[in-house]
Amino acid sequence: MLAKVQTWWTFFLIAVNERLVYRGDFMLGTLMRFLPTLTQIFLWWAIYDVISSRPDESLDGKIAGYRYGDMVAYYLMVTITRAFSSMPGLTSGVARSIRSGEVKKFLIQPVDMIGCLLVQRVAHKLVYYFIAALPFTLVFFLCRGFFLNGWPAPEEMLVFFLSLLLSFLLGFFIEICLGLVSFWFLEVASLGFIYMLLNFLLSGHMFPLELLPESPVNLRAAVDWLPLKYLAYFSAAVFLGKLSSEEMWRGLAIEAVWVLFFIVLARWMWSRGVRRYSAYGG
Amino acid sequence: MSETPMQTGYRRANYFRVISTFCRNSLIRDMSFRADFILQCISSMSWAVMNFMLFKIIYRFTDSIGRDTGWGEHEFFVFLGTIWVINSLIQTFFMQNFDEFSDLIRTGSLDFVLLKPIDPQVLVSFPRTNWSQLANGGLGLALIGYSVAQLLSDPDKHLQFSVFTVLAFLLFIVCGVAVMYSVMLALASTSIWLGRNQNLYDFWFYITNFYRYPMEIYQRSGMGWALWGTFTFVIPVLVVSNIPARVLAQPSGTPWRWWEWSLAGYALLAAVLSLLASRWVFLKALKSYRSASS
């Protein structure tokens with residue numbers, strides 16, 4: 001048992017050190033990542049300027065229930081949830097190691113591949129938060145005026161943090177599953193691309209899901225049946241107080257079920273895949 | 001390098017033939033992987049379609065972007081189409097080459113470029129043509145055509161549309177491409193000093209980020225004006241998209257206002273100046289090139 005913990009700890013430390021090498025690049029890169037948010041602030045301002053000047057009061061200066069501040073705050077919060085749920089390079093990495101035969105090393109070592117990747121990912125993310133904390137704090141401090149409701153209640157805060165942790169696991173296991181498809185199909189790049197596209201549109205990364213049209217196809221209802229919304233929208237909506245207490249906890253429970261589903265799916269795919277794996281390549 | 005390659009004079013090289021050979025070779029290469037080519041076309045177009053959908057949704061809630069700016073739905077889609085055309089031209093002809101430029105520097109292969117009896121800027125800028133990216137431009141032209149037709153059939157809008165507007169549009173597209181080309185060339189050249197420039201595509205993303213929307217959205221607040229000034233006069237990317245789009249969409253009506261004429265004049269000037277400036281940066285950077293490895 002102790003030896004096992006030690007193994008994982010070593011994997012963790014290696015990954016941490018790997019990441020710390022590029023910390024300067026990292027911090028600048030994080031700040032740059034807010035540039036699109038900056039232009040969005042101007043874009044939405046121009047849109048809300050039109051809406052608030054309109055004579056009909058039915059909209060009350062809101063778009064789908066979002067005031068101007070809420071909209072900007074939403075985009076800012078999405079940068080946080082995406083920092084947890086996005087897994088750059090995971091699907092392609094798994095696919096590559098299967099295609100090149102590198103995956104063999106996990107078949108002969110007493111180390112579980114998915115577990116190993118998870119530990120590495122946790123390490124990378126922790127290093128990222130550690131370094132990105134400074135630029136994030138700076139940007140959120142400058143933008144504090146957009147959070148019209150101030151800090152959320154303790155209950156919302158709790159659900160928010162739990163949902164962030166779950167969104168990390170959800171993002172991780174979805175991408176693992178996509179990568180493991182490589183056991184059956186050699187090329188999964190296009191699958192990964194489709195996932196990225198759907199994710200961008202239907203997770204709430206691009207805009208709050210309330211904006212989705214209900215006709216001709218009721219996309220608004222469809223996203224509730226998909227796991228994608230937990231990768232961006234859900235946590236942001238919780239933080240901004242968009243959901244009632246009951247909706248929050250139910251959403252969290254559904255998210256947990258999705259995580260469980262993808263963990264089981266990944267395990268199942270791994271065991272099936274290894275059985276049909278023919279270990280070509282050096 | 002004691003002498004810049006320019007001074008030795010490569011006038012005899014037929015640049016048109018060189019560039020068209022590059023383009024033809026790339027097309028042959030692309031056509032040998034046809035399925036991949038089609039997938040790339042689809043993937044680049046799907047990002048554009050997503051962008052289109054975002055604004056389709058936005059226009060369900062508002063009838064214009066910015067109060068009294070005239071950027072109604074059809075006007076804005078002319079704008080969006082214009083951006084797709086410019087983006088696709090840059091990505092078809094230059095992006096991949098600039099990306100490979102930093103590799104040339106890192107591996108020392110730039111030596112071979114400098115040895116050839118032809119202007120190194122041409123040899124760095126044109127060798128690969130990424131034809132699949134042109135799909136987006138086609139999509140952009142279709143969107144522009146459709147939106148202009150909608151504007152023309154609207155009796156409330158007095159759109160002026162003639163051979164002259166089309167020619168002016170094309171001219172300003174060329175200017176726009178020239179500006180974007182220069183910005184990317186200058187950025188890519190810095191990798192000679194910095195040793196590496198892995199983030200060229202990131203830079204492209206961040207810079208295009210500022211020209212994606214009509215410039216009116218910046219013209220309301222102090223910080224907005226500061227951004228507007230920076231991206232008009234320091235890095236002139238705002239005129240790249242705004243001028244050609246205004247030529248066709250005429251959001252503030254015709255005839256053009258005085259400031260639109262001056263900005264259009266400035267766009268021409270900016271294109272020439274940025275070409276010259278980027279050429280200067282490129283040659284300056286080459287002088288500091290100290291080969292590598294072997």
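Once the chymotrypsin sites (Phe, Trp or Tyr not before Pro) in DSSP loops with at most 16 neighbouring Cβ atoms within 10 Å are cut out of chain B, the longest remaining piece is B:34-160. Here the relative contact order of chain A, from alpha carbon pairs under 8 Å that lie six or more residues apart, stands at 29 percent. Here A:S278, A:S203, B:S221 are placed in order of increasing Cβ neighbour count within 10 Å, fewest first, which gives A:S278, B:S221, A:S203.
Between B:Q250, B:Q150, B:Q133, the GNM of chain B built on Cα springs shorter than 10 angstrom shows B:Q150 fluctuating the most. Take the convex hull of the alpha carbons in the range A:138-282; its mean projected area over all directions comes to 11.8 nm². Relative to its Kirkwood radius, the Cα radius of gyration of the protein assembly as shown gives an Rg/Rh of 0.98. The dipole here belongs to the protein assembly as shown: it is taken about the Cα centre, uses +1 on the Cβ of Lys and Arg and -1 on the Cβ of Asp and Glu, and is about 1860 debye.
According to the square roots a ≥ b ≥ c of the eigenvalues of the Cα gyration tensor, what is the shape class of the range A:161-244, taking rounded for a/c under 1.5, prolate for a/b larger than b/c otherwise, and oblate for the remainder? Because a/c hits 1.5 or more and a/b fails to exceed b/c, the range A:161-244 counts as oblate.
Ratio of Rg to Rh for the range A:1-128, alpha carbon only, Kirkwood? Using only Cα positions, Rg/Rh for the range A:1-128 is 1.20. Free of any chymotrypsin sites (Phe, Trp or Tyr not before Pro) that DSSP assigns to a loop and that have at most 10 other C-beta atoms within 10 Å, the longest stretch within chain A is A:1-184.
Rounded to whole numbers, the Karplus 3J(HN,Hα) couplings from phi for the range A:31-47 are 4, 4, 4, 8, 4, x, 4, 4, 5, 5, 4, 5, 4, 5, 4, 4, 6 Hz, using 6.51 cos²θ - 1.76 cosθ + 1.60 with θ = phi - 60°, and x at Gly and Pro. Counting neighbouring Cβ atoms within 10 Å and putting the fewest first, the residues A:S52, A:S97 line up as A:S52, A:S97. The sum of -39500 (n - 2.57) across all DSSP H runs of n ≥ 4, divided by the residue count of the protein assembly as shown, sets its helix-only mean residue ellipticity at 222 nm to -23000 deg cm²/dmol. Normalized C-alpha radius of gyration of the range B:139-294, against 2.2 N^0.38 Å? Normalised Rg, Cα atoms only: 1.23. Note on B:H74, A:H124: ascending count of other Cβ atoms within 10 Å places them as A:H124, B:H74, the fewest first. Using a Gaussian network model of chain B in which every pair of alpha carbons under 10 angstrom is joined by a spring, one finds that among B:A245, B:A188, B:A168 the greatest mean-square fluctuation is at B:A168. Only one residue of A:S52, A:W9, A:P36 has its Cα farthest out toward the positive end of the dipole of the range A:1-119, where Lys and Arg carry +1 and Asp and Glu -1 on Cβ, and that residue is A:W9.
We did not get these values from a lab; they are worked out from the coordinates using the rules stated. Given the structure is predicted, the values throughout are model-derived calculations rather than measurements. FYI the Cβ positions are ideal-geometry reconstructions off the backbone, even for glycines, and counts take in every protein chain you see.
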